[in-house]
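For reference, the structure is listed below as structure tokens.
Every number in this text was worked out from the coordinates using simple rules, so none of it is lab data. Because the structure is a prediction, the values reported are computed rather than measured. No Cβ is skipped: glycine too gets one built from the backbone with ideal geometry, and neighbour counts run over all protein chains shown.
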Amino acid sequence: MRQRDQERPSARARELVESSVRREAQIVGLRQVDVPTLEDVEHRRLHLWIVMVVIVLAISAALAGMAAWGEPADGQSMRGTLLTFGVLALVAGFCAYSIEKELHLRRLTKVLVDERVLVTALASRLEELSVLLDAGQAMNAVLELEEVLRRILDNALDLLGAADGSVLLAEEEERRLRAVTVRGNDAARDAIVPYGSGIAGRVAETLESLLIQGDLDGDREATPHSAMSVPLVHRGALLGVLNVNASDAGRAFDEYDLRALSLFGEHAASAIANARLYEQERANALALAHRAFHDPLTDLANRSLLIERLDAALSTRAPGRTAAVLWLDLDDFKRVNDSLGHAAGDDLLREVAARLRSVLRPTDLAARLGGDEFAVVLDGVRTAEDAQHAGERVLLALSAPMMVADRPVSVRASVGVAVASTGEWTTDEILRNADVAMYIAKSAGKACVRVFEPSMHDALVSRLELETEMEQAVESAELVLHYQPIVELRTGRIVGMEALVRWDHPDRGLLPPGDFVPLAEETGQILGIDRWVLLQACCQARQWQREVLSGGPLEVSVNLSTRQLEDDSVVDMVKLALEVSGLAPECLVLEVTESFVLRDEVAGARRLRALRELGVRLAIDDFGTGYSSLSYLRQLPVDVLKIDRSFTTRLGDSAEDDALVHAIMRLADSLGLRAVAEGVEDAGQRDALVEMGCTQGQGWHFAKAVEPREMEALLRLSTTLPQSVS
């Protein structure tokens, strides 16, 4: 349609020229020719000259003949004179006719020459326009935006014989143009042109093409001799501006050049729009592909990409090199979600991901497998020690507190390592083995690295079997309580007891807490175990108060797991146990670990106060191992500090431990707290504790944890356990 519009003015001009030619042709006698040519005109001119020569020769011959006839008479002389004048008049008229025709022939010749020049010029213009349009259509076949812009500028400059130019893209929000493609003046690249400023800015403001001849606003240096600037508009939206400058002072653009460049600009704008659409679609496709292989929360690789990279690493191992997998599980991540909320938990996971990236090599790949589990593919490691060191670097990176919800949060992780030391391991096997090693790391106390060994698989199978059997342990009455007496160190008199759970496994025998309690804490089964232990201990203590001590006082200490303390129902659980058993609240001592308080001091103190309001007593178990803030300890509603056995057992052997226990005793005394020493194994340790002011203790020196019937026998006999001489 645009091409037909361009051709219409040319057709009308041609019709006017042809009409003028026909009129002149009729005047000179070329009626038989529809549209005469220069050759027709030359033939007509030759014809007229031949006729004129023939007539002149004929008249000359006639006049010569008359002269040859002799002297005429008077009458005949008159007639001869008249005849002569008539012939001369005829010759003169014919000459005038011939001259007129010659003038018309010359005019016709000029018109035909002008027509030929015009046709040649139109053909040249149409050819130039056709090339521009072809170039515009060719640009629409290119998809890369940078290449499209380069072709737009190169085609425009080459076809118009221009020296330099630029393509500026519009930035609508800032209402400015940015020069992205430049030829002839590299300094102009990335130049910023606000709308309305300069030539390109005016074009962007008005959306009208601009032809410049000479100076603009008298600024000769800033404006080329001849230049054009056209807007690049697609569907009413400004995409940019195309600038073209003439090659030299002798080249001047005209209106036709401007119209041709404007038409070319329409195709250029369409090409830019197509390229941008392609870029957007390509970006969308890349984003979809990225989402398909990456975790949306942390932007780490997901399981699919991890398996793909591990497959590649296993299949392309260089000599002396191998692949390894680190399997990470954050320890106690649930407490962050429960105490600070899931948004804080997400922030923590993102920070963990960032720290993982910071310690890995470019050839390694970190992935989030879901929840709080991560994995790392180590490509090109030499030995298992190298992989283990990588796991230790990860733990070190995670050891520094992380700011979550405007507060520092400490994170630990258990890391399992599996190294593909032989070609027999498949991708699934190495992932499974790394997972197994991670579970072994958790069971070893968490916050550590373990390298997979074949024996670990059997241990994990045993662990899974134990987990399944533990689900039925409470209902099957396989759990039992043993009691360890708590005595006055000076007198050896029993003043209380600590209830300690055991599992009377039908196949494995009597299992101590260390064999199943950590697993129960991981799986959440500890909640049911804690409820059973608390109720049984309260009922047993109350029974012995009535039946053995005739209503006398007897304290019973019960350990509450961190999982239980973090559960919102713990206060109601304790209250129910007291009501069902009838035990006085002051006879129940709830032991909590120092680590529970350290995890969230505010929430921990709030939970402890709620328990303390029931009237029970609170003890911090294993005191001295968690690096408590002594200033904060003053604010906790606790009654008892239980000195960890790791300090007690080295009394007399380590001056540092002696000093530490002595410091704990002074702290307890200053805070009005009772101190109970754990792990007293001989009389020397007991005597040292007494000298330091410790009043109560428990340990094998007095009695191991015994069955209920043995504990009852000790109470009935009012047994005084070994005491110092004082």
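Could you list, bin by bin from short to long, the percent of Cα-Cα pairs of the stretch 145-290 in 10 Å steps?
Per 10 Å bin, starting at zero, the Cα-Cα P(r) for the stretch 145-290 comes out as 12, 42, 33, 9, 3, 1 percent.
Please report, in cubic angstrom per residue, the volume enclosed by the convex hull of the alpha-carbon atoms of the stretch 470-716. Spell out each step's value before the answer.
Working: hull volume 31.7 nm³, N = 247.
Dividing the Cα hull volume of the stretch 470-716 by its residues yields 128 Å³.
HN-Hα J couplings of the stretch 580-594 from phi, Karplus 6.51/-1.76/1.60, θ = phi - 60°, integer Hz, Gly and Pro as x?
5, 7, x, 6, 5, x, 6, 8, 10, 10, 9, 9, 10, 7, 4
Tally Lys/Arg at +1 and Asp/Glu at -1 over every other residue whose Cβ is under 9 Å from the Cβ of Met438; what's the total?
Once all neighbours under 9 Å are counted, the net charge is -1.
Note down the net charge around Asp379, summing +1 for each Lys or Arg and -1 for each Asp or Glu among other residues with Cβ under 11 Å from its Cβ. Mind dumping the intermediate values first?
Values: positive: Arg309, Arg317, Arg321, Arg361; negative: Asp364.
Value of the local net charge: +3.
Shape call for the stretch 282-410 from the C-alpha gyration tensor, a ≥ b ≥ c root eigenvalues: rounded (a/c under 1.5), prolate (a/b greater than b/c) or oblate?
Judged from the Cα gyration tensor, the stretch 282-410 comes out oblate (a/c at least 1.5, b/c at or above a/b).
Among the listed pairs Lys334/Lys575; Lys334/Lys442; Lys334/Lys446, give every one whose C-alpha distance is greater than 23 Å. Intermediate values should be presented prior to the final figure.
On the way: Lys334/Lys575 25 Å; Lys334/Lys442 15 Å; Lys334/Lys446 15 Å.
In this structure, Lys334/Lys575 exceed 23 Å between Cα atoms.
By the scheme Lys and Arg +1, Asp and Glu -1, what is the net charge of all other residues having a beta-carbon under 10 Å from that of Arg650?
Values: positive: Arg645; negative: Asp653, Glu656, Asp657, Asp658.
Summing Lys/Arg as +1 and Asp/Glu as -1 gives -3.
Identify, among Leu288, Ala275, Leu261, the residue whose Cα sits farthest towards the positive end of the charge dipole of the stretch 252-294, taking +1 on the Cβ of Lys and Arg and -1 on the Cβ of Asp and Glu, with the dipole about the Cα centre.
Leu288
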